[in-house]
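Each remark here refers to the structure printed beneath this line.
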């Protein structure tokens, strides 16, 4: 994909992940979560590992509980 700003164009790479999450208290209820990383071609390889780690950390939260 490309984007333009001013007189220049940037080539961008995008990685999208779709996760199907079941409600931890009501497994019949589900949601689809879309996570996306967009970066320049030059930066993509240096950030994709962090994105993969982030995707691996996404977990459902029990109602009323949070890590915050």
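Bear in mind these aren't lab numbers, they're just calculated from the coordinates by the rules spelled out. Every value quoted in this text rests on a predicted model; they were computed, and no experiment measured them. We place every Cβ from the backbone using ideal geometry, glycine too, and count neighbours over all the protein chains shown.
One table, with the values for the structure above:
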read-out	value
Count - residues of region 1-31 that are without any contact (Cβ under 8 Å) to a residue 24 or more places away in the chain and either in a strand (DSSP E or B) or touching a helix residue (DSSP H, G or I) at 6+ places or on another chain (Cβ under 9 Å) (or both)	11
Single match in 59, 34 (criterion: free of Cβ contacts under 8 Å to residues at least 40 places away in the same chain, in a loop (DSSP other than H, G, I, E, B), loosely packed, with under 12 Cβ neighbours inside 10 Å and under 18 Å from the mean Cα position of the chain (by Cα))	59
